[in-house]
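> Got a structure for you, written out below as structure tokens; questions coming shortly.
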Amino acid sequence: LALGLLAGTTATQISYDGWNLVFEDEFEGEQLDTRRWTVADKYRHCCPLEPQLYVTDEVYLENGNLVLRTRKRTVPDKQGNPVNYTSGWVDSKEKMFFKFGRWVIRAKLPDTHMTGVWPAHWLMPNPSTSDPPDICWPVGGEIDIMEQIGLPIVTTVWGSFRWSRKCGKINWSWLPGGPYPSVFGPQIDFSADYHEFGVDWSPTELQYHVDGHVFHVEKIDKVPIPQNAFYTILNTAIYPSVHKLGQWFGADEHLPVYHYIDWVRGTSSNRRSTALSTRASEANYAGARRRGAGTRSALLRVSHELASLELDPRLQEIQKLGIDDHVAVIKIGEDEPALLSLLVFVANQLGRCYIALDKQTSQL
């Protein structure tokens, strides 16, 4: 643990070469996309230890952010018991899940003067696709991209992997993984500005990074790196023991606090797909619209692993239409099904392709 506390001060830089965008949510508009995300409604996590109740009105979109608000107020839970704190939780369980790749969340964290505030970005095994299905916690593993336990002086964030061979019993990995920055070095106020919190997940290791700086690595020779698809959780909890201590020093006077999430992005390495669920793919119309598809277009998004093949001239020409690497927005008339079929085939080969079927025009 002592070594872990000192780590993270000399971080290496991640590479951006060879990574392709396969998913993003920039939280534009007025309502959260419920095809991708589920908002927790009167949910208590780790009850009765954690004192907060997750409710829907603490989750909203504002100025291009997903906002998770934490307040002190008394609200009854599902059993009618009074709970004195409310907060926000969203997850993508059974809607958007992936295996391997880079997952990054750009966020501004809550004010840590609210001692014990506990924002987190984490990944858990998707129940229907885990092996075995509905694998118990923490046998399937838990990837904590970022968590921070609010303290006025120490503002370190942590990247961790938690697991066990027995259901409901966590082994030594309950200890935090790696800090950024070191708890003994100069601190960063993560509530003052936005930062990018991410993990690179391969079959053999997990690399945790903040603003592109790798600060902690977990390898398969030490821990069982997950090999099944995980879903995403974004939430703000209250760490009970730390918060109780902070109450002696007026921690609650700093409520409400806000967890601002600017965007979530998933990318794949070396043209390898991250195996996003098809249910998530159906929801990916927003990115294509920003890339130029008509508002009346019906959108089909296809994301498959890039095949190793030589493209014939027709496919090469279509590839040149890409607005960025392996992403294209193509408008085509409904009366040209043969060409549409060709484009669907191209999408399967190129991976990150958007195809828009426009009823008003037959022009590419």
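> Do the conditions hold for Asp144, that is, is it more than 23 Å from Ile261 (Cβ to Cβ) and acidic (Asp, Glu)?
no
> A further question follows. Among the residues that make up the stretch 54-64, is at least one of them among the aromatic types (Phe, Trp, Tyr) and within 29 Å of Gly212 (Cβ to Cβ)?
No, there is no match, as no residue in the stretch 54-64 is among the aromatic types (Phe, Trp, Tyr) and within 29 Å of Gly212 (Cβ to Cβ).
> Among the β-branched types (Val, Ile, Thr), open to solvent by less than 50 Å² (accessible area, probe 1.4 Å) and part of a strand (DSSP E or B) - does that describe any residue in the stretch 74-81?
Yes: the stretch 74-81 contains one or more residues that are among the β-branched types (Val, Ile, Thr), open to solvent by less than 50 Å² (accessible area, probe 1.4 Å) and part of a strand (DSSP E or B).
Here's the yes/no breakdown for (1) surrounded by 22 or more Cβ atoms within 10 Å (Cβ to Cβ); (2) charged (D, E, K, R); (3) part of a strand (DSSP E or B):
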residue: Leu123; (1), (2), (3): yes, no, yes
residue: Asp134; (1), (2), (3): no, yes, no
residue: Val139; (1), (2), (3): no, no, no
residue: Leu151; (1), (2), (3): no, no, no
residue: Thr155; (1), (2), (3): no, no, no
residue: Gly159; (1), (2), (3): yes, no, yes
residue: Ser164; (1), (2), (3): no, no, no
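> In the stretch 196-211, what residues are touching a residue at least 24 places away in the same chain (Cβ under 8 Å) and either over 20 Å from Pro176 (Cα atoms) or hydroxyl-bearing (Ser, Thr, Tyr) (or both)?
Ser202, Pro203, Tyr208 - these are the residues of the stretch 196-211 that are touching a residue at least 24 places away in the same chain (Cβ under 8 Å) and either over 20 Å from Pro176 (Cα atoms) or hydroxyl-bearing (Ser, Thr, Tyr) (or both).
> I need the full set of residues from the stretch 1-60 which are open to solvent by 80 Å² or more (accessible area, probe 1.4 Å), at pLDDT below 90, within 20 Å of Gly266 (Cα to Cα) and out of contact with any strand residue (DSSP E or B) (no Cβ under 7 Å at 6 or more places or on another chain), in order please.
Tyr16, Asp17
> Got a sec? Which strands (runs of 3 or more DSSP E) wholly within the stretch 173-246 have at least 1 residues that are of a type in the set (Ser, Thr, Tyr), modelled with pLDDT of 95 or more and under 21 Å from the mean Cα position of the chain (by Cα)?
178-180, 205-210, 230-238
> Considering only residues that are buried (at least 23 other Cβ atoms within 10 Å of the Cβ) and not in a strand (DSSP E or B), which ones fall in the stretch 252-263?
Correct list: empty.
> Between Thr74, Thr56, Thr70, which is more than 18 Å from Tyr231 (Cα to Cα), in contact with a Gly (Cβ under 9 Å, 6 or more places away or on another chain), free of Cβ contacts under 8 Å to residues at least 24 places away in the same chain and not basic (Lys, Arg)?
Sole residue among the options that is more than 18 Å from Tyr231 (Cα to Cα), in contact with a Gly (Cβ under 9 Å, 6 or more places away or on another chain), free of Cβ contacts under 8 Å to residues at least 24 places away in the same chain and not basic (Lys, Arg): Thr56.
> With the structure loaded, tell me whether His209 is closer than 29 Å to Lys108 by Cβ, open to solvent by 20 Å² or more (accessible area, probe 1.4 Å) and out of contact with any Lys or Arg (no Cβ under 8 Å at 6 or more places or on another chain) or whether it fails that test.
It is false that His209 is closer than 29 Å to Lys108 by Cβ, open to solvent by 20 Å² or more (accessible area, probe 1.4 Å) and out of contact with any Lys or Arg (no Cβ under 8 Å at 6 or more places or on another chain).
> Condition test on Thr129, is it open to solvent by 50 Å² or more (accessible area, probe 1.4 Å), in contact (Cβ under 8 Å) with a residue 60 or more places away in the chain and more than 17 Å from the chain's Cα centre (by Cα)?
Taking the combined requirement at face value, the residue satisfies it.
> Kindly indicate the residue of the stretch 105-121 that is β-branched (Val, Ile, Thr) and part of a strand (DSSP E or B) and also farthest from the chain's Cα centre (by Cα) among those meeting that condition.
Here the answer is Val117.
The values are calculated or read from the model by the stated rules, or taken from the named source; none is laboratory data. Because the structure is predicted, anything quoted here is derived from the model rather than measured. Note: ideal-geometry Cβ built from the backbone for every residue, glycine included; neighbour counts use all protein chains shown. These accessible areas exclude ligands, DNA and RNA; they are computed on the full protein's heavy atoms, side chains included. Shrake-Rupley method; radii C 1.70, N 1.55, O 1.52, S 1.80 Å.
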